[in-house]
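Okay, so here's the structure we're looking at.
The values are calculated or read from the model by the stated rules, or taken from the named source; none is laboratory data. Because the structure is predicted, anything quoted here is derived from the model rather than measured. Note that we place each Cβ from the backbone using ideal geometry, even for glycine, and neighbour counts take in every protein chain shown.
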Amino acid sequence: MRTWTPEPATEGAEALLARCMPQVVPALGEPGFGACLLDAMAQALPVGSFSVYRTGPRPAIFVSGSRGVPDTTRDCWRAYLSGPIRHDRTLRDAGAPPLRVCHITAGEVPPEHRAKVYEAHGVLERVSVVEDEVADEGALFAVNFYRHMHQRALSDAQIADFGAAGRLLMALARKHVALVRADDGANLRRRLLARCPALTLREQEVCLRLLRGMTQEGIAADLGVALPTVKTYRNRAFGRLGIHFRSELFALMLPGGRGPDDLLSN
């Protein structure tokens, strides 16, 4: 595993960014952002999927997608939350700068993490640009690209170009997430209340955070309440909505017959 500070742009990185910008910038805040970013990156980086997520007390996945392989990024996230996230140090490095680039292969990942996330979904390699969350101690914001079994190993030059583009990739991901969350928060709340005007404010807040991919533990930390309180609000809200599972909540909110895991993806 390697961790380093993004360096000044190489010639390859400049070419990569020149290809990315016309495609990616107009898609910021739009549903097609993920597909545009992955397509632009794939021209220089042989990867099959990507994800943007936050770890720490309030873990959440913001956007993810795949290209040329079945999209199992949300399955990977759920597997990651099932245990590996609690012990994952692959994005951390003692004394590392707040913004850094990480490269790791499946063989370097701890056994549980490797089995549940990498081996189960055919992932062999990951490059990430990572930033510490200033307002959330212990949390990380990560932009990750994954190479799958059918793809060639990343070359040193490709990894270097990715690293040199890291600062801009981080800025793009953060801007997209901010735009989507600002827009979706109001829209989702309106749609929730259209479904069930009787939802209390706290029930709405819990549902909105579930829709953003947060765990119940993360919601408790975010709202400053106990975990059993979150479960109570969740159960009351689901009872009012006539549902039993988070997937049903997604299905209620997503227009046009989209699947329950498509929120904030693509």
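Here are the numbers:
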item: Filter result for the condition that a residue is free of Cβ contacts under 8 Å to residues at least 24 places away in the same chain, among the hydrophobic types (A, V, I, L, M, F, W, C) and in the same structural domain as residue 59 (by TED's automatic domain parsing), over 109, 143; result: 109
item: Residue among 174, 167 that is charged (D, E, K, R), over 17 Å from residue 46 (Cα atoms) and under 13 Å from the mean Cα position of the chain (by Cα); result: 174
item: Selected residue (only one of 234, 152, 167, 212 is under 22 Å from residue 64 (Cα atoms) and at pLDDT 90 or above); result: 152
item: Hits in the range 98-123 (condition: surrounded by 13 or more Cβ atoms within 10 Å (Cβ to Cβ) and under 24 Å from residue 134 (Cβ atoms)); result: 99, 100, 101, 102
item: Complete set of residues in the range 136-195 that are in a loop (DSSP other than H, G, I, E, B) and exposed (fewer than 15 other Cβ atoms within 10 Å of the Cβ); result: 137, 138, 149, 150, 152, 153, 155
item: Filter result for residue 24 (modelled with pLDDT of 85 or more, assigned by TED's automatic domain parsing to the domain that holds residue 170 and of a type in the set (Val, Ile, Thr)); result: no
item: Search result, residues across the range 72-120 that are of a type in the set (S, T, N, Q) and over 24 Å from residue 173 (Cβ atoms); result: 82
